[in-house]
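Remarks on the structure that follows.
The values are calculated or read from the model by the stated rules, or taken from the named source; none is laboratory data. Bear in mind the structure is a predicted one, so any value in this text is a computation, not a measurement. All Cβ positions, even for glycine, are placed from backbone atoms using ideal geometry, and neighbour counts span all protein chains on display. For accessibility, only protein heavy atoms count, side chains too; no ligands or nucleic acids. Shrake-Rupley method; radii C 1.70, N 1.55, O 1.52, S 1.80 Å.
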2 protein chains.
Amino acid sequence: MSDIDFRRATLADVPAIVALMADDYLGARRESPDDLPLYQEAFARVEQDPGQFLVVGERDGTVLATAHLTFIPGLSRRGATRAIVEAVRVSSTERGAGLGSALMHWVIAECRSRGCDLLQLTSDNTRLEAHRFYQKLGFAQSHAGFKYEL
Amino acid sequence: MSDIDFRRATLADVPAIVALMADDYLGARRESPDDLPLYQEAFARVEQDPGQFLVVGERDGTVLATAHLTFIPGLSRRGATRAIVEAVRVSSTERGAGLGSALMHWVIAECRSRGCDLLQLTSDNTRLEAHRFYQKLGFAQSHAGFKYEL
């Protein structure tokens, strides 16, 4: 995966990121790739917030993977800083080729370099393949994840 | 629960918050209530970050409950803003009396007033009573939660 460049996303990456999010059996129902201004406004909110880091992985100028990192200071666990990774997506043309692992290893290194103590994520109960993927990377499936639509 | 006042935590609340976190079978192993400067430094990082909102619930000047809210802008789900709630704790002297529900209803209202679309949390796999509590409040146990120690 030495041909993949991981970097902070820019506004120009938004269409490719949205396409990756929609190219997914859950995302297909949740996203509206044709409504780009909606995502561009959301990108502006992400970019203005120093606690957010939207990552893309590209090869030869084509975005093939993305993840959204959030850095959270807190009191618990002796004042530990947590990182949360959400919206991890790899192009369907690249799955099984190690790009997801390369992305997550990059994410882990980035969180370490920022002094985070813990990296956490939630994955839909139906994504059993993703669960195995995270376990293989060394994540402990120690928690239940709850969501409440506001 | 009309006698409970929920508000943003101040530096003066830190000892009480740490005591609540340590008064828990998992927190007892993870926290060091005697090392207060550690938590005071962490509180300063939380306070400086506009995406963080550390809540306390008090009665007659005594802190009896706490929760840590984080507000996260993002691209997924059509540019949804998420809230995460972590470190939800209620004094052991108050458990079963509705204080936890009052706290969570306050949290839900606060997240709505800030325009959040989704509230999410993770709870240790062993906290089965907490899982029932969140389900009763209307949370869907839809995800698996993974943690990686950095």
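Some points to look at:
- Mean residue ellipticity, 222 nm, helices only, the protein assembly as shown: the sum of -39500 (n - 2.57) across DSSP H runs of n ≥ 4, divided by residue count and rounded to 500, is -10000 deg cm²/dmol.
- For chain B: span of alpha carbons on each principal axis (Å, largest first): 44, 33, 33
- Among B:Leu119, B:Leu11, B:Leu54, the largest mean-square fluctuation in a Gaussian network model of chain B (Cα springs under 10 Å) belongs to B:Leu11.
- Charge dipole (segment A:5-136, unit charges on Cβ, about Cα centre) - positive-most of A:Ala44, A:Val85, A:Val63: A:Val85
- For A:Pro50, label point 7 Å along C-beta direction: distances to other copies, nm: 1.2
- Label point 7 Å beyond Cα along the C-beta direction, distances from B:Leu38 to other copies (nm, shortest first): 4.5
- Residue of B:Asp35, B:Asp60, B:Asp13 that the Gaussian network model of chain B assigns the largest fluctuation, springs spanning Cα pairs under 10 Å: B:Asp60
- Segment A:1-83: chymotrypsin sites (Phe, Trp or Tyr not before Pro) in DSSP loop, at most 15 other beta carbons within 10 Å: A:Tyr25
- For A:Lys147, a cut-off of 16 angstrom between C-alpha atoms picks up these lysines, skipping any fewer than 8 places away in its own chain: B:Lys136.
- Each other residue within a Cβ distance under 12 Å of A:Ile4 adds +1 if Lys or Arg and -1 if Asp or Glu, for a net charge of -3.
- Surface analysis of the protein assembly as shown yields an accessible area of 44 Å² per residue, using protein heavy atoms and a 1.4 Å probe.
- For the protein assembly as shown, DSSP calls about 90 percent of its internal beta bridges antiparallel.
- Take each residue of peptide B:108-120, count the partner chain Cβ atoms within 10 Å of its Cβ, and average: the result is 2.
- Carbon/sulfur fraction of accessible area - chain B, other protein chains in place, 1.4 Å, %: 50 percent
- The DSSP beta bridges internal to chain B are antiparallel in roughly 85% of cases.
- For A:Ala140, net neighbour charge (Lys/Arg +1, Asp/Glu -1) across residues whose Cβ lies under 14 Å away: +1
- Amide N of segment B:54-72 lying under 20 Å from the label point, which is placed 7 angstrom from the Cα of B:Ala19 along Cα→Cβ: B:54-68
- Rough spin-label spacing in nm, given labels placed 7 Å along Cα→Cβ, for B:Leu26 and A:Gln141: 1.7 nm
- Net charge of neighbours whose Cβ lies under 11 Å from the Cβ of B:Leu119, counting Lys and Arg as +1 and Asp and Glu as -1: +1
- FRET efficiency, A:Asn125 to A:Arg78 (Cβ-Cβ, R0 22 Å, nearest 0.05): 0.10
- Short-range pairs are left out: with C-alpha atoms under 8 Å and at least six residues apart, the relative contact order of chain B is 19 percent.
- About the Cα centre, charge dipole magnitude for segment B:5-136 (Lys/Arg +1, Asp/Glu -1 at Cβ), debye: 740 debye
- The B-A contact accounts for approximately 5900 Å² of buried accessible area, totalled over both chains at a 1.4 Å probe radius.
- Sorted from nearest, the other copies put their B:Thr93 label points 6.4 nm away, the label point being 7 Å from Cα in the direction of Cβ.
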